[in-house]
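J.: The following block contains the structure, expressed as structure tokens.
The values are calculated or read from the model by the stated rules, or taken from the named source; none is laboratory data. This one's a predicted model, so the numbers in the text were calculated from it and none came from an experiment. Because the Cβ atoms are built from the backbone with ideal geometry, glycine has one as well, and the counts that use them run over all protein chains shown.
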């Protein structure tokens, strides 16, 4: 979801107030965020069933806590991401099940293209998975959840400066792991080629 304007935040505040008065009015909030939260959890777990379960638990908790929710001027999604992260942590403490199913692409694209794309995506996922937990969470919230530093800071209980530093460190580590030149190296290459 793109960055929210003051008008968007005000609309969201009104939606939350309406849902606090009447639980049936929670539906627009659910529809607005269910795909984002599911995508976030799926990106972390690569397990569709677990993502379904954690997403359901997240929105059950959101509905349960709705009367006590206090508006703080940041998108409701920031609070939902935190609830989802906590729900996932609880799920990870439970005994794991082995996943045997393999998702195969539908349609008839060129299998070489599918393999190359899949291999590259797997390489990027592995590089992100290898990051320290806080850096991985920042990358997923920033690029997967399309959240701003202020929103990520609220979710992670960190300052915006700490979020910026974590993002910088994560991107630097990813560039190194994936063989991409760092910005200074890229500038030096461009200057040498001119």
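J.: Just to be sure before I move on: is residue 74 under 26 Å from residue 158 (Cβ atoms), at pLDDT 90 or above, out of contact with any strand residue (DSSP E or B) (no Cβ under 6 Å at 6 or more places or on another chain) and crowded, with 16+ Cβ neighbours inside 10 Å in the structure I sent? Steps first, please.
T.: Values: under 26 Å from residue 158 (Cβ atoms): yes; at pLDDT 90 or above: no; out of contact with any strand residue (DSSP E or B) (no Cβ under 6 Å at 6 or more places or on another chain): yes; crowded, with 16+ Cβ neighbours inside 10 Å: yes.
Against the criterion (under 26 Å from residue 158 (Cβ atoms), at pLDDT 90 or above, out of contact with any strand residue (DSSP E or B) (no Cβ under 6 Å at 6 or more places or on another chain) and crowded, with 16+ Cβ neighbours inside 10 Å), residue 74 does not qualify.
J.: Give just the number: which of (1) part of a helix (DSSP H, G or I); (2) under 30 Å from residue 127 (Cα atoms); (3) modelled with pLDDT under 90 does residue 1 not satisfy?
T.: Condition (1) is where residue 1 drops out.
J.: Scan segment 18-59 for residues that are without any contact (Cβ under 8 Å) to a residue 12 or more places away in the chain and more than 22 Å from the chain's Cα centre (by Cα) and jot them down.
T.: Result: 18, 21, 22, 24, 25.
J.: Residues in segment 92-110: is at least one under 20 Å from residue 39 (Cα atoms), modelled with pLDDT of 65 or more and under 20 Å from the mean Cα position of the chain (by Cα)?
T.: So in segment 92-110, the residues under 20 Å from residue 39 (Cα atoms) come out as 92, 99, 101-106.
Those left that are additionally modelled with pLDDT of 65 or more: 92.
Checking the rest, the ones that are also under 20 Å from the mean Cα position of the chain (by Cα) come to 92.
Taking every residue of segment 92-110 in turn, at least one turns out to be under 20 Å from residue 39 (Cα atoms), modelled with pLDDT of 65 or more and under 20 Å from the mean Cα position of the chain (by Cα).
J.: Then there is this: Just name the residue that is surrounded by the most Cβ atoms within 10 Å (Cβ to Cβ) out of those in segment 114-150 that are modelled with pLDDT of 80 or more and in a loop (DSSP other than H, G, I, E, B).
T.: Filtering first and then ranking leaves 147.
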